[in-house]
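**Student:** Quick one: this structure, given as C-alpha cells, is what I'll be asking you about.
Laboratory data are not the source of any read-out in this text; all were calculated from the coordinates shown. The structure presented is a predicted model; accordingly, all values stated were derived computationally and were not measured. No Cβ is skipped: glycine too gets one built from the backbone with ideal geometry, and neighbour counts run over all protein chains shown.
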DNA sequence: GATGAATGAGCCTTCATTCAT
DNA sequence: TATGAATGAAGGCTCATTCAT
C-alpha cells in the first residue's frame with residue numbers, strides 16, 4: 001500500500017505499473033490481485049485513505065481548537081499551519097488525493113467549505129470587511145494552500161509555520177498600508 | 001491540432017489515443033504521422049503553443065499598460081482580469097500547459113516572477129506594507145488564479161471580471177476592517 | 001528458440017515476424033516478450049549460440065586432434081570435414097551466424113585465423129611452398145567452405161567427407177600435374 | 001537507379017526505404033512509381049542490370065581472350081583478375097546481385113559453369129590432374145572469388161591483381177612443395 | 001496464501017503504395 | 001511529367017489481468 005502510494009505519487013496513475021509495485025514489494029503479480037481487485041481499486045483505496053485522514057485531521061483540529069488565542073491572526077495561522085503539517089506528513093497520499101484523483105475537485109471544495117465555516121465564525125465578531133464574499137475567500141485560501149504545498153512545502157523551500165504566517169498576514173491585512 | 005488539444009485537455013496524456021484524434025479529424029493514423037513526429041511531439045508542440053501565447057499575452061499587456069488608471073486597485077484588477085481572459089480564451093491549451101505538462105511548474109514560476117515584478121513597481125510608490133515578501137505574495141496570487149481558473153472560470157461559475165476584482169480587493173485590503 | 005532459428009534462417013530477419021514464431025510455438029505474443037526482450041534480442045541470442053557452439057566445436061577439435069595421422073592430407077581433410085559436419089548439424093543457427101548477422105564478417109575472420117594457425121603448424125614441417133601467404137590461403141579456404149556449405153552441403157548435393165576431401169586435394173596439390 | 005543501387009547495397013532490401021531513395025533523388029514518391037512499378041520491381045531491375053553487365057563482361061572477355069599468353073598461370077590469372085575488376089567497378093550492383101538477391105545462387109552457378117568451361121579447355125592440354133572434378137574446382141573458385149571480393153577487394157585490402165595472382169598460384173600448384 | 005506462466009486487448013508507429021490535381 | 005496529401009495493412013511491444021498449481 002505504501003509502496004503503491006509512493007509510486008502513484010511519483011509517476012502518476014498511468015506511469016505506475018503493477019509490475020513495479022509488486023517488484024518493490026517483493027511479491028508477485030497474482031499476489032497483488034489477492035489483496036486488491038484492480039489497479040484502479042488500489043488507487044481508489046488510496047484516495048479513500050487520504051479522505052479519511054483528512055477527515056480525521058479536520059475532526060481533531062476542531063476538537064482541539066479550544067486553545068483559542070485572543071490573537072485572531074495567531075488563531076488562523078495555527079489552523080492553516082495544521083493543514084500544512086498534515087500535507088507534509090502525508091505527502092504521498094496527499095499528492096494522489098489533491099492532484100491525481102478525479103475527486104480532487106470535490107475534496108478541495110470541501111476544504112473550502114470547511115475554511116469558509118471557520119471564517120464565518122470569526123466574521124461574527126465583526127472584525128472583517130462586510131463586502132467580501134467569504135466563500136470566495138475560502139476558495140482563494142485553498143488555492144494558495146494547494147499551490148504553496150506543491151511549490152514550497154514539498155520542495156522543502158518553506159516550513160508550515162513560515163507559509164501559514166505569511167498567508168495569514170496577507171489575507172488579513174492585505175498589501176495596502178493604511179494611514 | 002485543435003482536436004488534439006481538446007482530447008489531451010479532456011482525457012490527459014495517456015487516455016488520449018492517436019486513434020481518437022485522427023478519428024475526430026476524419027483522417028487515418030498515418031496521416032497523423034505526416035504532420036507530427038509522435039504522440040509526445042504533438043503534446044510538446046501544444047505546450048509550446050501555450051508558452052508562446054502566454055509570452056505574447058504578457059508582452060501585449062506590458063505594451064498596452066500605458067492606460068494606467070490612477071486607481072491602484074483598478075489597475076491591478078485589470079491586469080489579473082487579462083490573465084483570466086487569456087485562460088478563458090485558450091482553455092484547452094492552458095489546461096495542458098498549466099496542469100498536464102511537466103513544464104507546468106516552470107511556467108507557473110515564471111508567471112509568479114512576472115507578477116512579482118509588477119508588484120515591485122507598484123511597491124515603489126510606498127503604498128504597500130514593507131514587511132511583506134513580494135515574492136511570496138506573487139506566488140500566492142498565482143495559486144489563487146490557478147485555482148479560480150480551474151474551479152470557477154472554466155466551470156462557468158464566474159467571469160474574469162468578478163474573479164479579478166475579488167482577488168484584488170482581497171490581496172490589497174485583506175479581511176480585516178481597520179478602524 | 002529453435003522455432004525462431006528456423007524462421008530466421010528461412011526468411012531472414014525482416015521477413016520473420018514475431019507473430020509467426022509464437023504461432024508456431026503455440027503461445028501468444030506477450031509470452032514471447034516474457035522470454036526475450038525484443039525481436040532483435042532473440043536474434044542476437046541466436047548469433048551468440050552459434051558463436052558459442054562454434055567456439056566449443058573448435059575447442060573440441062583441438063583437444064581431440066591427438067589422433068594425428070601420418071598422412072597430411074588425411075589430417076587436414078578430417079579437420080575440414082569436422083567443420084562441415086558442424087555446419088550440417090547446426091544448419092539453422094549457422095545460416096544466421098554466417099549469412100544473416102552483422103557479425104558474420106568477424107566470425108569468418110576468426111575462422112580464417114584459426115585455419116591459418118593450423119596451417120602454420122603444418123608449414124613448420126617444411127612441406128609447403130614458402131612463397132605462399134598462409135593468411136590468404138586460410139581466407140580462401142573459408143571462402144570455399146562457406147560456398148560449399150551453402151551450395152552443396154545444405155542442398156544435399158554432397159557429404160562433408162566428399163567436400164573436405166575435394167578441398168584438401170585441391171588446396172594441397174593444386175590443378176597442375178607436375179612431371 | 002544509381003541511388004537505389006547505392007541504398008540497396010548499403011542497407012539491404014528491407015532497410016532501404018523508398019522515401020530515402022526519392023529523397024536523395026530530389027523527387028517525390030509518386031514520381032518513383034511513375035518509373036518503377038514497385039520497390040520489388042526496381043530491385044529486380046537492378047539485378048537484371050547486374051546480370052546483363054555480367055553477361056556482357058563474360059562476352060567481352062571471351063572475345064578479347066585472343067591475347068593468350070603461353071603462360072598458363074598468367075592466362076588464368078588474367079581471367080580472374082578481369083572478374084575482380086568487374087566487381088570493383090560495379091560494386092553496388094554486384095553487392096545486390098551476389099549477396100542480396102534470391103537469384104544470387106543461380107548467378108553464382110552460372111559463374112561456376114563459365115569457369116568450368118574455361119578449365120575444361122585448359123585441361124585438354126593435359127596439364128591438369130585427371131582425378132580432379134573440374135565442376136567442383138570451378139565452384140571452389142567462385143567461392144574464393146566471392147569471399148575475396150567481399151572481404152578484401154571491397155574493403156580495399158587488396159587489388160584485383162594481387163588477389164587473382166594469389167588465387168591462381170594456389171589453385172594451380174597447391175600448397176604442397178613436391179620434391 | 002502464493003506463484004510461474006500465460007494472455008486479451010490494444011496502442012504507437014512504419015512503409016509501400018495510390019488518388020486527385 | 002510531377003506532386004501534395006492520404007491510406008491500407010501490418011508489426012512490435014506493453015500492461016493489467018487470470019489460470020492452474
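**Student:** Over all directions, how big on average is the projection of the convex hull of the alpha-carbon atoms in region B:49-173, in square nanometres?
**Tutor:** If I average the Cα hull's projected area over directions, I get 7.3 nm².
**Student:** Be a star and scan region D:79-103 for residues whose amide nitrogen sits under 18 Å from the point 7 Å along the Cα-to-Cβ vector of residue D:10.
**Tutor:** Those under the cut-off are D:90-97, D:100.
**Student:** If the label for residue A:99 sits 7 angstrom from Cα along the Cα-to-Cβ line, what are its distances to the same label in every other copy, in nm to one decimal, shortest first?
**Tutor:** 1.4, 5.4, 5.8
**Student:** Right, something else. Per residue Cα convex hull volume for the protein assembly as shown, in cubic angstrom?
**Tutor:** 246
**Student:** Here's something else I'd like to know. So between residue C:59 and residue C:91, what do we pick up on full extension, going 0.36 nm a residue minus the alpha carbon distance?
**Tutor:** Extending this stretch completely gives an extra 9.6 nm.
**Student:** Sort C:13, D:173, B:35 by Cβ crowding within 10 Å, fewest neighbours at the top.
**Tutor:** So the residues, fewest neighbours to most, are B:35, C:13, D:173.
**Student:** Hey, another quick one. Using the 2.2 N^0.38 Å rule of thumb for compact globular proteins, work out how region C:2-60 stacks up: its C-alpha Rg over that value, please.
**Tutor:** On the way: Rg = 12.6 Å, N = 59, 2.2 N^0.38 = 10.4 Å.
So the Cα radius of gyration is 1.22 times the expected 2.2 N^0.38 Å.
**Student:** A further question on this structure: If you line up the long axis of helix A:104-123 against the longest principal axis of chain A, both from Cα atoms, how many degrees apart are they, to the nearest 10?
**Tutor:** 20
**Student:** Which residue, A:114, A:29, A:44, has the most motion in a Gaussian network model of chain A that connects Cα atoms within less than 10 Å?
**Tutor:** A:29
**Student:** Here's a follow-up. Nearest beta-carbon of D to the rotation axis carrying it onto B: which residue, how many whole Å?
**Tutor:** Axis relating chain D to chain B; nearest Cβ residue and distance: D:30, 3.
**Student:** Would you mind checking the tilt of helix D:2-11 against the longest principal axis of the Cα atoms of chain D, expressed as 0 to 90 degrees and rounded to 10?
**Tutor:** Tilt of helix D:2-11: around 80 degrees.
**Student:** Another question, if that's okay. List the distances, in nm to one decimal, from the label point of residue B:60 to the label points of the same position in every other copy, shortest first, placing each label point 7 Å from Cα along the Cα-to-Cβ direction.
**Tutor:** 4.9, 7.1, 7.9
**Student:** Here is a follow-up. Using a 10 Å cut-off around each Cβ of peptide B:129-142, what is the average number of partner chain Cβ atoms that fall inside?
**Tutor:** Mean inter-chain Cβ contacts per residue within 10 Å come to 5.
**Student:** Label position 7 Å from Cα toward Cβ: report the copy-to-copy distances for residue B:11 in nm, one decimal, ordered from shortest.
**Tutor:** Spacings between copies for this position, smallest first, are 2.2, 3.2, 3.3 nm.
**Student:** Per residue, how much space in cubic angstrom lies within the convex hull of the C-alpha atoms of region C:68-109? Walk me through the numbers before you get to the answer.
**Tutor:** On the way: hull volume 3.0 nm³, N = 42.
Enclosed volume per residue, from the Cα hull, is 72 Å³.
**Student:** Something else about it: Per DSSP H run of at least 4 residues, take -39500 (n - 2.57); add these up for the protein assembly as shown, divide by its residues and hand me the 222 nm value, nearest 500 deg cm²/dmol. Working shown, then result.
**Tutor:** Values: 36 runs with 485 residues, N = 716.
Value at 222 nm, helices only, nearest 500: -21500 deg cm²/dmol.
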